Structure formats: structure tokens, C-alpha cells
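Structure first, then comments.
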Protein chains: 2
Amino acid sequence: MTLENEEGQAPQGSDPAVAEMEDRLLRVAADFDNFKKRAARERNEYIALANERLLKELLPILDDLERALDAVGQHEEATVEEGVRLVHRSLAALLERNGVREIATEGKFDPHVHEALLSQPSEAEEGSVIDVVQKGYTLGDRVVRPARVVIASAPESDG
Amino acid sequence: MTLENEEGQAPQGSDPAVAEMEDRLLRVAADFDNFKKRAARERNEYIALANERLLKELLPILDDLERALDAVGQHEEATVEEGVRLVHRSLAALLERNGVREIATEGKFDPHVHEALLSQPSEAEEGSVIDVVQKGYTLGDRVVRPARVVIASAPESDG
């Protein structure tokens, strides 16, 4: 067969070069297919694992809250207050460790990170933030929650 | 050039069938490569998004904790206690919503989900759980944290 082909007109697909190419093409296509399936599986696993890590970090905070709750039941005020401080510190540290940052509210209103709830006549510079109703937070480049603020309008004239 | 090749000895790679195969192979390889790059990028985005959703859910809990902390500073005991109950309820609900379940500790010791810290002579059935030092939790099929327990050994004989 091989000798005949070298002399005669090689039909498409039985030329050794074509056959080799076809073989490589099939293998690359099969690898691609396997990769796609594995990628889909891994994506779900990564999401589950990412969540698991965070959820696991919350368990000691739940433990501390349950201890504070027991102290509430037993009217141990000092223990309750200590518990609140501890839980707050732990949760704030967890958020910080995971890249959550508080949005600054000093100075001028910034529509990218602030949400103006209302404006009030004020001696402060017009358009500056004069009160924070709810703190805002970023995660990396993203605003997870804008800071909800009150901004200064011009002072009311007495005349 | 093309006409000459059709008559003469076609060098490998300029045979139209081989050239077409090579072309397809290159395209599949390029698609594969692009897919791999996109998959890696998407994986990181999915992890970031999964985390972002959870971190965002924690912000109202942090708000409530800060209100409780203010009440601590102002010695408003009733508000502090109410705050602890509220924060505990919210965090427990968040964990529940995200698939975290408390591990049952009634009855027999189960090495798959329990960790025995010590055994104590007890009237209870030997090998049963008699105390829980730290609650355990599962997430789906996985043990996020085993329940740390005390198990019953045979009662000490008086003789």
C-alpha cells in the first residue's frame, strides 16, 4: 500500500502526512474537550472552596457570639460587653483580611463611592459630606456598598 | 507556483490536504490556548465574586455590631443584649443559608464527624457522647469542623 501510494495519486486521508495531521488534530480536539469538562468541574469546586474558607473563618465568631448570648441569659453584663468588643474586632479583622476596606467620607462628596441621601443647609463647604448614615465599603476596585451620606447645601439666609 | 505544484512532486506541507489540516490544527490549538487563558481569568473572577457575595452579606452584621458597641460605650445594657441576640440570629442565618449545618451530637460517638477530647467514667452507655466542648459543622458533604466532645467510659467500680 505504502509503495503504491508513493508512485500513484495519493487519495486524501491515506497520505501519511495527512494521516499524521488528522491524528494530531483528533488528539488536540480530545484534549480541548477534556480540558473544557475539567474546567467546568473545577470552577464549581473553586467556588465551593472559596466559600468554605470564609464560612470556616466565621465559626469562631459564632462561638464567641454564643458565649456572649449565654452571658446575656445569665445577666453577666461585663462578659456580654467584652463579648461584643471581641466579636466586633474579629469580624472587622476578617473583612479586612479579605480585602474589604471602609470608604473614606472626609471632605468632598464623591459620586463613585458615596450615595447622597439628603442635603442640609450647613456652614460647611457646599457639597461636602457632613454626616455618614451608613458606612460604605470597597473590595479591591469594586464598591461593595457605597457610603450613604448627608451633604452640605448653602446655609439658609436670614433675610 | 500553484500550477507548478499540481504537476510536480508536492513537497510535504504544500499538499492542499496537508495544508488544510495544518490550518485546522493551528486554529484548534489557538482556540484551546485562548480557552485556557479565559478559564484561568474566569476562575479568579468566580472566586472573587463568590467571596464578594458572602463578604457583602456580612456588612449589615458589622453595622449591628457597631450599634451594639456604641450601646456598650453608653452603658445601655438592654440595647447591648438586644444587639447580641440580633447579631447572633443574623450570623446563624447567614451560615444556614450558605449550607452550613450543625453536627448532631446526640447518641453514639461517630469518628467521621466527632473528635473525642477525653473520656470520663459515666453512667451513660460506654462510647456515647456526654458533653460537647465545641460545636461542629458540615458544609454539604464536608466536615468544616468536627464537633469536639467528651465520651463516656465505663463507670469506676467502687470495689
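Look at the stretch A:97-106: the mean tally of other chain Cβ atoms within 10 Å of its residues' Cβ atoms is 2.
Take every Cα pair under 8 Å whose residues are at least 6 apart in sequence, average their separation, divide by the length of segment B:44-159, and the relative contact order is 21 percent. Net charge of the neighbourhood of A:Met21, taken over other residues with C-beta under 15 Å away and scored Lys/Arg +1, Asp/Glu -1, is -4. How large is the direction-averaged shadow of the alpha-carbon convex hull of chain A, in nm²? For chain A, averaging the hull's shadow over all directions gives 21.5 nm². A simple spin-label model places the labels of A:Asn98 and B:Arg101 2.3 nm from each other, with each point 7 Å out along Cα-to-Cβ. Over all distinct Cα pairs, what is the inverse of the mean 1/r for the protein assembly as shown, reported as the Kirkwood hydrodynamic radius in Å? Kirkwood radius, the protein assembly as shown: 26.2 Å. Counting heavy atoms of the protein chains alone, A:Ile61 has an accessible area of about 10 Å² for a 1.4 Å probe. Averaged over the residues of B:146-153, the number of partner chain Cβ atoms lying within 10 Å of the residue Cβ comes to 0.
Mean partner shielding of peptide A:24-31, defined as the number of other chain Cβ atoms within 10 Å of each residue Cβ, is 4. Reported value for segment B:78-141: 112 Å³ per residue, from the convex hull of its C-alpha atoms. Model label sites at A:Asn44 and B:Leu117, defined 7 Å from Cα along the beta-carbon direction, differ in position by 3.7 nm.
Annotation: the antiparallel percentage among DSSP beta bridges lying fully within chain A is about 60.
In degrees, nearest 10, range 0 to 90: what is the angle between the Cα axis of helix B:16-73 and the longest Cα principal axis of chain B? The answer is roughly 20 degrees.
The C-alpha atoms of chain B define a longest principal axis, and helix B:77-97 lies at about 40 degrees to it. For the residue pairs A:Lys56/B:Lys37; A:Lys56/B:Lys56; B:Lys108/B:Lys135; B:Lys36/B:Lys56, alpha carbon separations beyond 21 Å are given by A:Lys56/B:Lys37; B:Lys36/B:Lys56. Label-point distances for A:Ala78 to the equivalent site in the other copies, using a point 7 angstrom along Cα→C-beta, read 2.5 nm when ranked shortest first. Looking at segment B:62-128, the accessible area is 60 square angstrom per residue; that uses a 1.4 Å probe and ignores ligands, DNA and RNA. For segment B:74-159, the list of GluC sites (Glu not before Pro) that fall in a loop by DSSP and count at most 15 other C-beta atoms within 10 angstrom reads B:Glu76, B:Glu106, B:Glu123, B:Glu125, B:Glu126, B:Glu156.
Measure out, as a whole number of angstrom, how far apart the alpha-carbon centroids of segment B:71-105 and segment A:64-142 sit. Result: 17 Å between the Cα centres.
The values are calculated or read from the model by the stated rules, or taken from the named source; none is laboratory data. Remember, predicted model here, so these are calculated numbers, not experimental data. We place every Cβ from the backbone using ideal geometry, glycine too, and count neighbours over all the protein chains shown. Please note that ligands, DNA and RNA were not included when accessible areas were found on the heavy atoms of the full protein model with its side chains. Shrake-Rupley method; radii C 1.70, N 1.55, O 1.52, S 1.80 Å.
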